[in-house]
Amino acid sequence: LIPAVVIPPVVQNLARGSILKCLADLTGGLPLEVWKSSVVLEHIQSRESNDPNPPPSSPTILRNIIRQNGPLSLWSGLTPRMIEGLFSGSVLLAAKEGLSTLLTNYASPMFYEQFGHAISPSIIGFVSGAGGGMAQALVMGPTSLVVTAFVGASK
């Protein structure tokens, strides 16, 4: 018989978050990010050149990306985006679940002892999600700049 390996919940959440974030990016997140970055870069270039004409619309920019570089160019910056996904997805899910466990198992019972009311599941969910999002932002900020740089370099 092979002994069962117990994987700590934090490790499970780190792995799940990474996998989910990478899958989301592969199936639509990255193409939308490339499109958004291209729109932003186009508007910046339009302002810097003092062009009297308005910058192209978002659908026009998407059409130009596909016509000039092909549809696979929507996945430019895939490597840094997957690295970002590994870190930001894991941090988001692990922080959210950690906060949820902390609030549910420790803070809510203490609150009940002191005030006669437990912390509602809605508040626990909101605080946990917000805390996970804040933790994720610490990772996503710098790596999003790298993805934008890859998109700009591919133009």
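For the chain, hydrophobic long helices are taken as DSSP H runs at least 18 Å long by C-alpha position along their axis with mean Kyte-Doolittle hydropathy of 0.0 or more; these are 9-24, 78-102, 121-153. Computed over protein heavy atoms with a 1.4 Å probe, the accessible surface of the chain works out to 64 Å² per residue. Note: relative contact order over the chain, using C-alpha pairs below 8 Å and six or more positions apart, is 32 percent. Protection proxy ranking for 85-91, 1-7, using the average of other Cβ atoms within 10 Å per residue and placing the highest first: 85-91, 1-7.
Only protein atoms count toward the accessible area here, which uses a 1.4 Å probe; on the chain, the carbon and sulfur part of that area reaches 70 percent.
Here the label points at PHE126 and LEU102, each 7 Å from Cα along the C-beta direction, are separated by 1.9 nm in the simple model.
Of all the options ALA137, ALA24, ALA107, the one that moves most in a Gaussian network model of the chain with Cα springs shorter than 10 angstrom is ALA107. What the pair-distance distribution of segment 1-93 shows, using all Cα-Cα distances binned every 10 Å from zero, is 15, 32, 24, 16, 8, 4, 1, 0 percent.
The values are calculated or read from the model by the stated rules, or taken from the named source; none is laboratory data. Predicted model only: the values in this text are computed from it and were never measured. We place every Cβ from the backbone using ideal geometry, glycine too, and count neighbours over all the protein chains shown. Just the protein is used for accessible areas: all its heavy atoms, side chains included, with ligands, DNA and RNA removed. Shrake-Rupley method; radii C 1.70, N 1.55, O 1.52, S 1.80 Å.
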